[in-house]
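The values are calculated or read from the model by the stated rules, or taken from the named source; none is laboratory data. The structure presented is a predicted model; accordingly, all values stated were derived computationally and were not measured. Cβ placement follows ideal geometry from the backbone for every residue including glycine, while neighbour counts extend to all protein chains displayed. Note: accessible area is taken over every heavy atom of the protein model, side chains too, but ligands, DNA and RNA are not part of it. Shrake-Rupley method; radii C 1.70, N 1.55, O 1.52, S 1.80 Å.
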Amino acid sequence: MSLSIRNAGFSARSLYLQAFPREERFPFLFLKVLALRRSCLFVSYYADDCLVGISYAVEGPEMVFVLYLAVSANVRSRGYGSEILSSLKDLYKKPLTLNIEPLDEDAANAEERKRRFSFYERNGFSNTGYLLQDSQMTYTVLSTAEDFSVEDYTKALLGLHPFGMKMPEIFLQ
């Protein structure tokens, strides 16, 4: 399996809107503008000219924060998500960190949350023991770092929150 990578365009917007609920989305134009910075990478992944996924990553000095990763619904469970993560690991050569909805047996999407958590575990991520609380949601923080550093994580997050504006709260579970 070999993916080609392109700058995120209109097709990425469609997948972005389908994959993430409104309360989890930054405005698309905001993402595109931030992606003009060297520390941000917003790309689409294609297999034979078919869009299979997108990722949005923010590079900090010691860690990369993966804000978004999505695989098109019609090609899920074919290894594309793992290949995207592998390409990000190869590109950055730094620990990757990301946020997911916490496991919650009572959540309407409890099974989806379990599958997502298992997917990331299979791809080298582990629960850091930290939660991130933004204005609307609480997330579990996962990372490939052997020794997770909240300071490194915060520095990576600054790429999305210039000058620390509207920084989310990070705390132990």
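Structure values in brief
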quantity: Size of charge dipole - the range 72-145 - debye, nearest 20, with Cβ of Lys, Arg +1 and Asp, Glu -1, no other charges; calculated: 440
quantity: Sites GLU151 and ARG38, calculated FRET efficiency, Cβ-Cβ separation with R0 30 Å, nearest 0.05; calculated: 0.90
quantity: Spatial separation of Cα centroids for the range 103-173 and the range 47-67, in angstrom; calculated: 16
quantity: Dipole axis of the chain (+1 Lys, Arg; -1 Asp, Glu on Cβ), positive-most option in THR154, SER77, THR128; calculated: SER77
quantity: Answer label, with Rg and Dmax of the Cα atoms in Å calculated from the coordinates and candidates (i) 18.2, 72; (ii) 15.2, 43; (iii) 16.9, 58; calculated: (ii)
quantity: Under 16 Å from LYS93, Cα to Cα: aspartates and glutamates that are on another chain or at least 8 residues apart; calculated: GLU59, GLU62, GLU83, GLU146, ASP147, ASP152
quantity: Full-stretch length increase - GLU24, ASN109 - with 0.36 nm per residue and alpha-carbon distance subtracted; calculated: 29.1 nm
quantity: Calculated FRET efficiency for the pair GLU62/ARG122, C-beta based, R₀ 22 Å, to 0.05; calculated: 0.35
quantity: Reachable lysines from LYS94, criterion Cα separation under 25 angstrom, eight or more residues apart if same chain; calculated: LYS32, LYS155
quantity: Unit charges on C-beta of K, R, D, E only; dipole of the chain, Debye; calculated: 660
quantity: Accessible surface, 1.4 Å probe, highest first, among residues LEU31, LEU172; calculated: LEU172, LEU31
